[in-house]
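Worksheet: one structure, shown below.
The values are calculated or read from the model by the stated rules, or taken from the named source; none is laboratory data. This structure is a prediction, so every number in the text was calculated from the model and none was measured. Every residue, glycine among them, receives a Cβ derived from its backbone with ideal geometry; neighbour counts consider all protein chains shown.
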Amino acid sequence: MLAKTLPQTTEVSNWSTAWIGLDAMLAAGLSGTGLLLGRHDPRAAPLAAATAALLVMDAWFDVTTSAPGSARAAAVALAACAELPLAAACAAVAARRPVF
C-alpha cells in the first residue's frame with residue numbers, strides 16, 4: 001500500500017540535520033563498541049548490534065536516496081566497501097559476546 005500511495009519525490013527541510021545526526025550516532029556506536037571491546041566489557045554486544053543495524057540503515061538510505069549516475073555509484077561503493085563490512089564486523093562482535 002505504501003509503495004502505491006507515497007509520493008515519488010518530496011522536499012525535506014532538515015536533510016542535513018538528519019544525516020549529521022545519523023553520522024554522529026554511527027561515530028558514537030563505533031567508538032563505544034571499540035572502547036567496550038578494549039575493556040572486555042560485555043555491554044559491547046548490544047552496542048555492536050545497534051551499530052550494525054544503523055550501518056545497514058545508513059547504507060540503504062545512502063543508496064536509495066542518491067541521484068543516478070556517479071552519486072549512486074559512490075553510494076554503492078561506500079556501502080559495499082565500508083558500511084556493510086563494518087556492519088558485518090559489528091554483528092560478529094554482537095554474536096560472540098555474552099550479553100550479561
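Summary table below
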{"item": "Filter pass, LEU22 being without any contact (Cβ under 8 Å) to a residue 40 or more places away in the chain and surrounded by 15 or more Cβ atoms within 10 Å (Cβ to Cβ)", "result": "yes"}
{"item": "Pick from the stretch 25-38, criterion of a type outside the set (Gly, Ala, Ser) and closer than 14 Å to VAL93 by Cα, ranking: surrounded by the most Cβ atoms within 10 Å (Cβ to Cβ)", "result": "THR33"}
{"item": "Residue pairs meeting the criteria (Cβ under 7 Å; at least 6 apart or on separate chains; first touching a residue at least 12 places away in the same chain (Cβ under 8 Å), in the stretch 29-42; second outside any helix (DSSP H, G or I) and surrounded by 14 or more Cβ atoms within 10 Å (Cβ to Cβ))", "result": "PRO42/ARG97"}
{"item": "Some residue of the stretch 3-11 being exposed (fewer than 11 other Cβ atoms within 10 Å of the Cβ), hydrophobic (A, V, I, L, M, F, W, C) and modelled with pLDDT under 95", "result": "yes"}
